[in-house]
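Where a number appears in this text, it was derived from the coordinates with a stated rule and is not lab data. Computed from a predicted structure; not experimentally measured. Note that each Cβ is placed from the backbone with ideal geometry, even for glycine, and that neighbours are counted across all protein chains shown.
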């Protein structure tokens, strides 16, 4: 019997993370400065070079999180990073795709024009296509976070093809590789990987514990090759 070799995610060149909730005390991610600094130190120890902090901008859940408030919190955070941490740290955001997302203002972006968006985990916003079109028309590049978590689309895979056709790119969550989000999520993930529909990959880190889980995820060589390509795409996005 042939045993297929698997490798740990920790062995792949994950040196640019474009999706994280490390900015402390602003959403459901890291709670305080000490935890955030410890996370950055662990990232640096493991070869990370660039990290984008992408706190939620969702007026319904986090009413104070707007661009100006987050810029102030980011500035304060950067001022408190000690000299032994030497990473490229950037501020982006994860925007809830709903009627409150307006494109007639300066959004927080990834790289030059990328805007990270997410949908509800319970239903598809009926005007998501119009929002994607508005972002593109305003000169932004929409990037849909963790599409494998929108499990209501497991029987509507053509929805992802339509997003791609419109010019929206897809970002895989590394934690999703564990199957933690259930069978339907894994079905979507396998489909999107099989047909090379993902463009980027992110940790979506909310805690140090999640990072320890991600580091030890084991995947097949076939999947590892695809994930490695996505990691390189991250670097191109932030170059």
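Here is how the numbers come out for the structure above:
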quantity: Length-normalised contact order of the stretch 6-237 in % [C-alpha pairs under 8 Å, at least 6 apart]; calculated: 25 percent
quantity: Residues 157, 39, 96, sorted so that the one with the fewest Cβ neighbours within 10 Å comes first; calculated: 157, 96, 39
quantity: Rounded FRET efficiency, nearest 0.05, which uses the C-beta distance separating residue 81 from residue 207 and R0 of 22 Å; calculated: 0.70
quantity: Translational diffusion coefficient (Stokes-Einstein; Kirkwood radius from C-alpha pairs) of the stretch 5-79 at 10 °C, 1.306 mPa s, in µm²/s; calculated: 117 µm²/s
quantity: Cβ-Cβ FRET estimate between residue 104 and residue 152, R0 fixed at 41 Å, reported to 0.05; calculated: 0.85
quantity: Relative contact order [Cα under 8 Å, 6+ residues apart], the stretch 73-151, whole percent; calculated: 29 percent
quantity: D_trans [Stokes-Einstein, Kirkwood Rh over alpha-carbon pairs] for the stretch 63-140, 20 °C, 1.002 mPa s, µm² s⁻¹; calculated: 150 µm²/s
quantity: Convex hull per residue volume in Å³, alpha carbons only, for the chain; calculated: 123 Å³
quantity: Calculated FRET value between residue 220 and residue 184, using beta carbons and R₀ = 22 Å, to 0.05; calculated: 0.60
quantity: Packing-based exposure ordering (other Cβ within 10 Å, fewest first) of 201, 151; calculated: 151, 201
quantity: DSSP-defined beta bridges in the chain - what % are antiparallel, rounded to 5; calculated: 15 percent
quantity: Principal axis box of the stretch 198-239, alpha-carbon based, largest edge first, Å; calculated: 28, 25, 14
quantity: Using distinct alpha-carbon pairs, which all enter the 1/r mean, Kirkwood radius of the stretch 110-239 in Å; calculated: 15.2 Å
